[in-house]
Amino acid sequence: MTVAASGLVLRSPEGTRFVFDAGALCLEFLTTGGPGALTGYETLHTPEDLARWCAASRLRLDPGDVHISGNEFRAARWLRDALSRLARAVAHGRPPHPRDVDEVNQTAQLPPLVPQIAADGLHGRHLPADAFQVLSSVARDAVDLFTGPLAARVRECGAPDCSLVFVDTSRPGRRRWCAMERCGNRHKVRSLRARRSTQRHEAERKPR
């Protein structure tokens, strides 16, 4: 599983920007949209959109180094939707659908990205690749995550109006929110307002 520290800069429906660390490459892919109610958050409209995700994700691929055909782009959305359903099944302790498992397993059988040491000897890079290699690397990351020790740490954000999925890689294992600066802070604000409302009502009921 790809667990190197990373983060994607996302924009909330309200227009604010925040950093989201999904904890794994395969879960970063889910930020591009998904099936059902998640179609309203779709960002993969063209192959160029997929190339931009490859650059923004922890893969850090140069968009010019990724060749994406029409078939590969369609396969990317099929895999993304299967991963979305699979990740949420794991997060909520439900059995995954066999079709989603098959989609991930079949994609994982393809040749993955080829890692290289950069010329400075300190950084990594990948050889130019086609999109099927990217998808294979994403699927293999999912296999490692969903069958490994961190599967029990896959969670959906605790906010009722947020569907981001992450793996909690923190030592205490108590992460609840996609990001404290977004849903964590919104929860704090709601809790503060609720307490103040309760205090106000209690004060109004007291005999004068």
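The values are calculated or read from the model by the stated rules, or taken from the named source; none is laboratory data. The shown structure was predicted, so the numbers you read here are calculated from the model rather than taken from an experiment. Cβ sites come from the backbone with ideal geometry, for glycine too, and all protein chains shown count toward neighbours. These area figures cover heavy atoms from the full protein model, side chains too; ligands, DNA and RNA do not enter into them. Shrake-Rupley method; radii C 1.70, N 1.55, O 1.52, S 1.80 Å.
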Restricting region 99-148 to residues that are among the acidic types (Asp, Glu) and touching a Ser or Thr at 6+ places or on another chain (Cβ under 9 Å), the residue that is surrounded by the most Cβ atoms within 10 Å (Cβ to Cβ): Asp141
How about region 15-47: which of its residues are part of a loop (DSSP other than H, G, I, E, B) and under 15 Å from Trp78 (Cα atoms)? Gly33, Gly34, Pro35, Glu42, Thr43, Leu44, His45, Thr46
Within region 5-19, is even one residue of a type in the set (S, T, N, Q), over 19 Å from Pro112 (Cβ atoms), open to solvent by less than 30 Å² (accessible area, probe 1.4 Å) and in contact (Cβ under 8 Å) with a residue 24 or more places away in the chain? yes
What's the number of the condition Leu50 fails, among (1) out of contact with any Gly (no Cβ under 7 Å at 6 or more places or on another chain); (2) part of a helix (DSSP H, G or I); (3) surrounded by fewer than 20 Cβ atoms within 10 Å (Cβ to Cβ)? (3)
Any idea how many residues of region 54-77 are free of Cβ contacts under 8 Å to residues at least 60 places away in the same chain and buried (at least 22 other Cβ atoms within 10 Å of the Cβ)? 1
Quick check: anything in region 87-99 at pLDDT below 95 and not in a loop (DSSP other than H, G, I, E, B)? no
Any residue at all in region 119-130 that's among the acidic types (Asp, Glu), within 22 Å of the chain's Cα centre (by Cα) and part of a helix (DSSP H, G or I)? no
